[in-house]
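The values are calculated or read from the model by the stated rules, or taken from the named source; none is laboratory data. Small disclaimer: the values here were computed from a predicted structure and weren't measured. Positions of Cβ are backbone-derived with ideal geometry, glycine not excepted, and every protein chain shown enters the neighbour counts.
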Amino acid sequence: MTIQRIITLLVLICLLSPLSVLTHAAEETTGILVIAHGSPKESWCKPIRELVENVTLPYPVELGFLEFVEELGDYDFIPEAVEKLDAMGVTRIIGVPLFISSSSGHIAEIEYVLGLRDRWPGEEDPLQQVDTEAEIVLTGAMDDHWAVAQILADRAAELCKNPEDETVVIIAHGTPNETYSEGWINSLESLAEQVKLKLRHFKGFDIEDVRYSFIHADETVYPDLMVRSVVENVSAASDPIVVPLMVSEGFFTRTYIPKLLENLTYAYDGKALTPHSNVVKWIELTASREFSDLTIQIYDEDELLNISIEEVGEYHGHICPCVAVAFRVTELAFSEEIWGGIPHRGDVKIVCGHPSDGHEETFDYILNSPDDLMMKKGDVDLTKDNYVYTFMRKSTGDSITVEVNETIFPEGFFDLRKKCKAKTATPEEIKTFKLAKEELKESFMFLPIDKVFSPEAHAVEEIAQEIEEPEEEAPNVVGGAIFFSILVIGLVLLLALVYGRRKAR
Amino acid sequence: MKLNVDERWDLIDKISKEVVSYGKYEHTLKDALGELSVKPLAGIPIAIAVLYGFWSIFSSFAGTLWTDGFMVKIFDEHFLPWMQTHFPGEGGWFYYIVVGDPAADNCFEAFGVLTSGLFVAIGVVLGAILIFYLMLTLLEDVGYMPRLAVLIDTVLHKIGLHGYAIVPTILSLGCNVPAVTATRILETRKQRFIMMTLLAIFIPCGAQLGIMEEVIPETMGVVVLYLIVGYFIFGFVLNKLIPGKSPEILIDVPPYQMPTRRNVRRKMWMRTSGFLKVAVPFVLLGCVIVNVLYITGVMDWLANAFGPLLTQWFGVPKETVGPLIAAFLRKDLAVAQLSAIEMTSYQMITSVVLVSIYFPCVATFVMILKEGWKELLGSLVVLAVVVFLYGGLVHLIGILAGVA
Amino acid sequence: MAKNKSSIYFGILGAVTLAFGIADLIVTIGGDSFTWGILEIPADPFRGGWGGLIVLFAGLFYLAGSKNLPEIHQLSKVVMGSVLIWIVAGTDIFAMITESIPGGGEGGWFNTLEGFFGTYAPPYAPAIFLLPFSLVVIYCVYRRK
């Protein structure tokens, strides 16, 4: 009898288990799929895997290669990576192609593999497609993102000796395909400009110029953009610094480029984009743009409000870096780990170390209670130390102080700002500052929150005291009133004396 | 009856003995006080105290009450946003010149003619001028100023002026415009010329002082010290070089008395209207010109052209050329612009000194022109020489002291 | 008798004033202001340094003039000492007035009533304490007439 019962129980449990899938499916979860080209050489693939391991996102991240990794043991093709995400119950996959250009022929191939395109674009045998129910979204490639420009600038800076007499030449793959050439050229134009501005005004290297060139291009149409041609042209008047725009070191960086430039003099160290923390940053930013829902919840009496960053942006006029950082620091403070619940208006007090309107209006919009907001006063020369915020829960006295991670600011940001404010900036510097602000805004909005802030939760009493300081002392009305009355009486007596004597005369 | 001379004198003696009673003139309290103020031993502490009171009331009224208390609020919170939203043609160059930077959130940074220009003229300087001239007029009418003049007379004589030159000097601390007019109290052309030139070059006006206080409060003392020293050195030099006479002082020192309301009102009006009618329009014009220069990129070209002179001879960064050009039109804004350029504090001292001495503001320029074009030309020559020498000297001192 | 009383009075006042003046200068050189109850000796170069110097001079004036007070020149010195105190205390009070009227960065045009009175609250600088004592000289002058 008992055994029968046990077996029945087991069978029932097994029958019921599929229901768990239903509960899973009811939850929508996201997963990130980083896609790289792949190579038979492990030395090309390993740095990429290591880098992806450093990607910090609130969702699972898998790395899938497009081709060439059959021989390598631990490296997955795209379909295998997608399977792993499926097994975790992911319902929405964000594909981030770790490719130089959206105008690369490989992007169409990836689309096919991911089931976003019906026909295989190439001539060879089609690659295997993924098999999943999940929704798949493919972001753009690196193109002319500032994070990439920064890497190139860093690489060039390492090789700079005499910037005024040196010209950087960026070398990219390019394409002989007419349809795609324009995309590559536009990207490279933009990157070259950014690298130039960054070298000159972030790093202070007064580089002569930054140019670009292609390995594969239609020579008849763009003879002046071929690698050797550009480097020769540059050498005539300047010393070339060659920087490859490639994802990882390999055949091209180690062998092909030096071969193309045989017998020419140039500075080169063969370093590619990887390894560099900005590749991780780019992946995080690009993925976050797809899933970020910048909304804050707060109670106004009994009503639950959902405040989006767009609303705040409209209130202030636009979303500037200040609005972005103020919004995200509030997001952090109101998070489950820190606040432990949804905060109520009237119970939150904020002390802000940055005097800008963007900050003030953001906090104002969220709190809707001017007495609960303490802003730093005055037009000060801003530094990273202004980006400090204290949130306090009035009902319990708990509080937390958060600082912005100082590495998030582009180099020389505050000096540029100072110059622009004082109108002593050159037009190029103004342009650079504008770019820097865009970078900062994007960083604030889309980087994972623990990369934006370095939270230090102080103990309750300490912070409660710190908040007391910036508060003005409650005015000593009685003392003042007494003194004031003495003054008035004294004045009246004096006048009486003077006029009394006048009359007596 | 005809008397001879001796007899006449005898008669006079006899009559006067009957009629005239002699007594010692007793000083009243007022006289005693008056004497105290003039003699150096007591007079100098009194002068120091009076100056303290002057300065304290000035900054309380002009700074705390007028500008920070009300003007900033009016201009930054009401006038500026109103201008920014209602003035047509946002983004265009005309808008930029009149209203300034559309992203600016306070009148000082906007740099537009009607925003910064009006703000500085009315919001900052007018308050300063009012209180300044009120106190000065009171001090004059109470009878203190002549005593101060006597005290300082010995010192000023060494530079070829007499004590009464203290009046234009102090006036100049408010605004150069009435001060240059006041030089007419000096007697000879030589004295007037020396005075005007020294004023234009070495005495910072209220606007400059105000901005210096705001922007470089720590180094302000050293800057002012350099200016005062320059004032005396070059006064001395000019006195020796320029032909002409410097007569002795002979002023009537009145007893202390209560000022009359009518007098005070009249003097105030005379001096303040000088400022309103002449200086303000020029302040506005100055804004226009500076903005145009920036927009057309002439500033950049000048920065490059004058770069070597600035870096080598004066030891300041070449970005300072922008503020230096602006200094011709708006000295106060120039100091503000300087503060944003990165440089060591000694370089800052040098730059501010340069800005202060290097050109009279346009309004002063016009006033000196009114007194005579020869005077103006002379002043300019002196100015060029002074800037070059003194600026280089300041740099040299810095090098010797190891701080340049 | 009147002569002696006033002489002693101004002698003491002079010594106290002088002491305050010196204290002020010392505190200014030291750097931090010194507060004791409702007395605050300022340490900033303007009010502490320059102002302190003037209080010191006032003390000297008092002492110099305290002997043989009814004599006109001596009286004038004492009057001058008081005038100097009036300048320092008066400008401090004027500063309080100009600070108490406007509403400040956050407030409206004018200050709130509490803010207004609060501006006049203690602590005060030494000259303000000396002020009532310095007014005695008006009485002396009045009595002479």
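See the values below:
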| quantity | calculated |
| --- | --- |
| Residues that are surrounded by fewer than 18 Cβ atoms within 10 Å (Cβ to Cβ) and part of a helix (DSSP H, G or I), drawn from segment B:225-243 | B:L225, B:I228, B:V229, B:F232, B:I233, B:F236, B:V237, B:K240, B:L241 |
| Evaluation of A:K384 against (1) at pLDDT below 85; (2) over 19 Å from the mean Cα position of the chain (by Cα) (one fails), failing number | (2) |
| Output for segment C:34-71, where each listed residue is within 11 Å of chain B (Cβ to nearest Cβ), over 18 Å from B:G43 (Cβ atoms) and without any contact (Cβ under 8 Å) to a residue 12 or more places away in the chain | C:F46, C:E71 |
| Failed condition for B:F61, given (1) closer than 30 Å to B:V113 by Cα; (2) in a helix (DSSP H, G or I); (3) more than 8 Å from chain C (Cβ to nearest Cβ) | (3) |
| Residue list for segment A:410-419, restricted to those being hydrophobic (A, V, I, L, M, F, W, C) and buried (at least 19 other Cβ atoms within 10 Å of the Cβ) | A:F413, A:L416 |
| Residues that are assigned to a helix (DSSP H, G or I) and either in contact with a Pro (Cβ under 9 Å, 6 or more places away or on another chain) or within 14 Å of chain C (Cβ to nearest Cβ) (or both), drawn from segment B:3-37 | B:L29, B:K30, B:D31, B:A32, B:L33, B:G34, B:E35, B:L36, B:S37 |
| Selected residue (criterion: nearest to C:I26 (Cα to Cα)) from residues of segment C:72-91 that are at the interface with chain B (Cβ under 8 Å from one of its Cβ atoms) and under 11 Å from the mean Cα position of the chain (by Cα) | C:V88 |
| Residues that are surrounded by 19 or more Cβ atoms within 10 Å (Cβ to Cβ) and away from every other protein chain (no Cβ under 14 Å), drawn from segment A:366-382 | A:I366, A:L367 |
| Neighbours by Cβ (under 8 Å, 6+ apart or cross-chain): first from segment C:96-115, under 17 Å from B:M71 (Cα atoms) and more than 8 Å from chain B (Cβ to nearest Cβ); second assigned to a strand (DSSP E or B) and at pLDDT 75 or above | C:F110/C:P102; C:N111/C:P102 |
| Failed criterion for A:A236 (all others in (1) without any contact (Cβ under 8 Å) to a residue 60 or more places away in the chain; (2) buried (at least 18 other Cβ atoms within 10 Å of the Cβ) hold) | (2) |
| Qualifying positions in segment A:201-228 - touching a residue at least 40 places away in the same chain (Cβ under 8 Å) and part of a loop (DSSP other than H, G, I, E, B) | A:K203, A:G204, A:F205, A:D206, A:I207, A:E208, A:I215, A:H216, A:A217, A:D218, A:V221, A:Y222 |
| Any hit, segment A:368-386, residues being more than 15 Å from A:L294 (Cα to Cα), touching a Lys or Arg at 6+ places or on another chain (Cβ under 7 Å) and small (G, A, S) | yes |
| Which numbered condition B:H78 misses (of (1) at the interface with chain C (Cβ under 7 Å from one of its Cβ atoms); (2) free of Cβ contacts under 8 Å to residues at least 12 places away in the same chain) | (1) |
| Residue in segment B:295-346 that is surrounded by the most Cβ atoms within 10 Å (Cβ to Cβ), counting only those that are of a type in the set (D, E) and either modelled with pLDDT of 70 or more or more than 19 Å from B:I357 (Cβ to Cβ) (or both) | B:E319 |
| B:A42 more than 10 Å from chain C (Cβ to nearest Cβ) and surrounded by 15 or more Cβ atoms within 10 Å (Cβ to Cβ) | no |
| Residue within segment A:325-345 that is part of a loop (DSSP other than H, G, I, E, B), in the same structural domain as A:M445 (by TED's automatic domain parsing) and of a type in the set (S, T, N, Q) present | yes |
| Selection from segment A:100-128 of residues that are surrounded by fewer than 16 Cβ atoms within 10 Å (Cβ to Cβ) and closer than 13 Å to A:I78 by Cα | A:G115, A:Q128 |
